[in-house]
Amino acid sequence: MWRIARFAAAAEAAVSVRGARWFSAAIPGPCIVHKRGADILHDPWFNKVRVFVLVLKLEIDTGFPLTERDRLGLRGLLPPRIISFEQQYDRFMESFRSLEKNTQGQSTKVVSLAKWRILNRLHDRNETLYYRVLIDNIKDFAPIIYTPTVGLVCQNYSGLFRRPRGMYFSAKDKGEMMSMIYNWPSQQVDMIVLTDGSRILGLGDLGVQGIGIPIGKLDMYVAAAGINPQRIRYLGLRQPRLEGEEYLNIIDEFMEAVYTRWPKAVIQFEDFQMKWAFETLQRYRKRFCMFNDDVQGTAGVAIAGLLGAVRAQGRPLSDFAKQKIVVVGAGRSVTRMTGNDEIHASNPFWLLDKDGLVTRNRKNLDPAAAPFARGNPEAEGLMEGASLVEVVKNVRPDVLLGLSGVGGVFNKEFFFIGTYISAVHGCCKDLLASVVGILAEVLNVLCSPLERGLRLQSSPMVQHAKQLLLDDVPNVQSINQVLAAMRESTSSRPAIFAMSNPTANAECTPADAFKYAGDHIVFASGSPFEDIHLGNGKAGHVNQANNMYLFPGIGLGALLSGARVISDGMLQAASECLASYITEKEIQDGILYPSISSIRDITKAVGAAVVQEAIDEELAEGHGDVGSKELIHMSKDEILEYVGRHMWFPVYSPLVHEK
Ligand SMILES: NC(=O)c1ccc[n+]([C@@H]2O[C@H](COP(=O)([O-])OP(=O)(O)OC[C@H]3O[C@@H](n4cnc5c(N)ncnc54)[C@H](O)[C@@H]3O)[C@@H](O)[C@H]2O)c1
Ligand SMILES: O=C(O)C[C@H](O)C(=O)O
Ligand SMILES: [Mg+2]
């Protein structure tokens, strides 16, 4: 039943994608190929063979019909048996499931990399089948080809490298980029994801290994936005890291080269360290059709989630500006949150960085963080550099949002020293408890309040003491003070967003959030987690607040509108569209973002909202055969249909050779 529905839907979608190029609902239009024989089998774009190798097991099956083999000089190069695309699909899924079974009990790292490898091999050999399994199983496969496994892949990229993907530009290529760009084989390029590898997720500077991120992001473009994989580009700037004008000159040259060859391409900047993320955005956003996903995409996704959090309290959306929002991490992802650089007089943000609360008293205050800095903290009972616990206790925020890249920042544990000294009184742990107490006191004096919690939590001595005491003395407790303080939030549904990636860098786990802050919270993380069992048959819903909900639609909408730049209005339209996707019932259940399974529909709607806004702002210049005049006259439904029609969908087309 399921399978019939799946393939029926696929056929329908394919017809709407290719439109006139289809002969009938059942027969896909031909695809012209300029190669013959073995060259076709080595090209994943045309290949219809599936090969699966796993310890002592080799499977080869081929989807080339006999007539096609004759046409293309393939007779004799392939085993005789032919199976359908659907059968190949099912066999791949069987292989995948058996791999899951065989790796049960092994470490997450081993299992994740094994899954990534099997998908990557398919990607290398047969792109049609690869993208089809990706689209149909996006909820299961996104965590493998994208966050969080992609982080692990980047960290191990040199060992996993099998065939080059993307282009690399380094300082050595200065003056050569205009010609280098023509080394790329395809004439048409729609989407480019560019990284300098300097801040990969929360993992830091991974240099050229960061190429895994553009690959993962562009796979999401194909799966979610239906961008044709023949028309995407993986590009990376390579070490050594340059500074100042030297760095900017390289990016300038690269941008000029790209837009000379592909003037209509959209460029997504990804995982640049903070200073370059801002600088390049300011430098190019008025000249080129580009955006920074970590700055603009993330802000849009966070805002959509926070609008949901306001709705969850039963308050009108206009109350959004009245929310008290504590933000941990003052990096690239945060400072676009308001949609413009001006914050109104009653600044609703308390921003903390690694040095604690950011106030106007801060020496060397980062200009990007300046609009959020607290003006008169003393009047609020706070001071420059106040710790997270102090801020949360004092402010009682509606929202606690983490974009620090530091795992466990919300989980700071403080012992109730007095409690457990008395609890262990008379037992042999007296001494230990006293030592921990003294240690805590010393740390209190020596460390900044923010660091104190982290050091206490991570100190091996404290860990050991905690284990002993918690194991043996049941009434001794450690408390996650930050999360526990969220119980005092003035909101009826406090929101906790631990958005840092990958999984280990999340500011807290959802299990701890629900446990310490209460069942009534709404929770979101950047990497995927399972829902939490709260007891009594109730579940704590774990949302995934990840920019993957927006960047494919922003890129697709910008491309199809033909806008020369991406305006704030277009970004806002994307965010509002995402926010409006959720029903009242879902909101009440703590659901702030739609299921990843429907990412293609979401992306289509977001893309259409971006096109609509570009038209309204008179920025839309049209795409392909569709000019600006035609766009202007399109109704809302027609825009949606126009976007859907341009989303690529993977099917085997009959290959026709042409010299
Ligand atoms: N979920 C998403 O869609 C999404 C999008 C973008 C970024 N992120 C994640 O957000 C994290 C940060 O990204 P970024 O680009 O803003 O990084 P960034 O390096 O620009 O900024 C990090 C900020 O965190 C602060 N910080 C560091 N340690 C801290 C601590 N102990 N307490 C409080 N603040 C601390 C730093 O001072 C800095 O202001 C990364 O893990 C990234 O993966 C997630
Ligand atoms: O890549 C992601 O999963 C989201 C975001 O772009 C990040 O840098 O963490
Ligand atoms: Mg990113």
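The values are calculated or read from the model by the stated rules, or taken from the named source; none is laboratory data. This one's a predicted model, so the numbers in the text were calculated from it and none came from an experiment. Here the Cβ positions follow ideal geometry from the backbone for every residue, glycine too, while neighbour counts run over all protein chains shown. Remember, those area values only see protein heavy atoms, side chains included, never the ligands or the DNA or RNA. Shrake-Rupley method; radii C 1.70, N 1.55, O 1.52, S 1.80 Å.
Data for the structure
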{"item": "Residue selected from region 582-613 under the condition of a type in the set (Ser, Thr, Tyr) and surrounded by fewer than 19 Cβ atoms within 10 Å (Cβ to Cβ), by the criterion nearest to residue 553 (Cα to Cα)", "result": "598"}
{"item": "Count - residues of region 135-186 that are surrounded by fewer than 18 Cβ atoms within 10 Å (Cβ to Cβ), under 21 Å from residue 227 (Cβ atoms) and of a type in the set (Ser, Thr, Tyr)", "result": "1"}
{"item": "Selection from region 84-126 of residues that are assigned to a helix (DSSP H, G or I), open to solvent by less than 40 Å² (accessible area, probe 1.4 Å) and β-branched (Val, Ile, Thr)", "result": "111, 118"}
{"item": "Meets criteria (within 14 Å of ligand 2 (Cβ to nearest atom), more than 14 Å from the chain's Cα centre (by Cα) and in a helix (DSSP H, G or I)) for residue 204", "result": "no"}
{"item": "Of residues in region 216-233 being crowded, with 23+ Cβ neighbours inside 10 Å and part of a loop (DSSP other than H, G, I, E, B), the one farthest from ligand 1 (Cβ to nearest atom)", "result": "226"}
{"item": "Residue 260 vs. criteria among the hydroxyl-bearing types (Ser, Thr, Tyr), open to solvent by 40 Å² or more (accessible area, probe 1.4 Å) and either more than 16 Å from ligand 1 (Cβ to nearest atom) or in contact with a helix residue (DSSP H, G or I) (Cβ under 9 Å, 6 or more places away or on another chain) (or both)", "result": "yes"}
{"item": "The one condition in (1) under 29 Å from residue 186 (Cβ atoms); (2) of a type outside the set (Phe, Trp, Tyr); (3) surrounded by fewer than 19 Cβ atoms within 10 Å (Cβ to Cβ); (4) modelled with pLDDT under 95 that residue 319 fails to fulfil", "result": "(1)"}
{"item": "Residue in region 54-71 that is open to solvent by less than 40 Å² (accessible area, probe 1.4 Å), touching a residue at least 12 places away in the same chain (Cβ under 8 Å) and small (Gly, Ala, Ser) present", "result": "yes"}
{"item": "Test: residue in region 230-242 that is within 15 Å of ligand 2 (Cβ to nearest atom), modelled with pLDDT of 85 or more and either touching a Cys at 6+ places or on another chain (Cβ under 9 Å) or among the hydroxyl-bearing types (Ser, Thr, Tyr) (or both)", "result": "no"}
{"item": "Candidates 270, 279, filtered to the one that is within 12 Å of ligand 2 (Cβ to nearest atom) and touching a residue at least 24 places away in the same chain (Cβ under 8 Å)", "result": "270"}
{"item": "Condition broken by residue 76, with the remaining ones in (1) open to solvent by 70 Å² or more (accessible area, probe 1.4 Å); (2) assigned to a helix (DSSP H, G or I); (3) touching a helix residue (DSSP H, G or I) at 6+ places or on another chain (Cβ under 9 Å) satisfied", "result": "(2)"}
{"item": "Count - residues of region 103-131 that are touching a residue at least 24 places away in the same chain (Cβ under 8 Å) and farther than 26 Å from residue 228 by Cβ", "result": "3"}
{"item": "Residues (open to solvent by less than 10 Å² (accessible area, probe 1.4 Å) and either at pLDDT 95 or above or of a type in the set (A, V, I, L, M, F, W, C) (or both)) located in region 190-215", "result": "191, 192, 193, 194, 200, 211, 213"}
{"item": "Count of region 541-576 residues which are more than 14 Å from ligand 1 (Cβ to nearest atom), more than 20 Å from residue 217 (Cβ to Cβ) and not charged (D, E, K, R)", "result": "9"}
{"item": "Selection within region 152-178 - in a loop (DSSP other than H, G, I, E, B) and touching a residue at least 60 places away in the same chain (Cβ under 8 Å)", "result": "165, 166, 170, 174, 175"}
{"item": "Per-region count, region 295-320, residues within 16 Å of ligand 2 (Cβ to nearest atom) and of a type in the set (Asp, Glu)", "result": "0"}
{"item": "Strands (runs of 3 or more DSSP E) contained entirely in region 489-570, each with at least 2 residues that are surrounded by fewer than 17 Cβ atoms within 10 Å (Cβ to Cβ) and away from ligand 2 (no atom under 16 Å from the Cβ)", "result": "532-535, 538-540"}
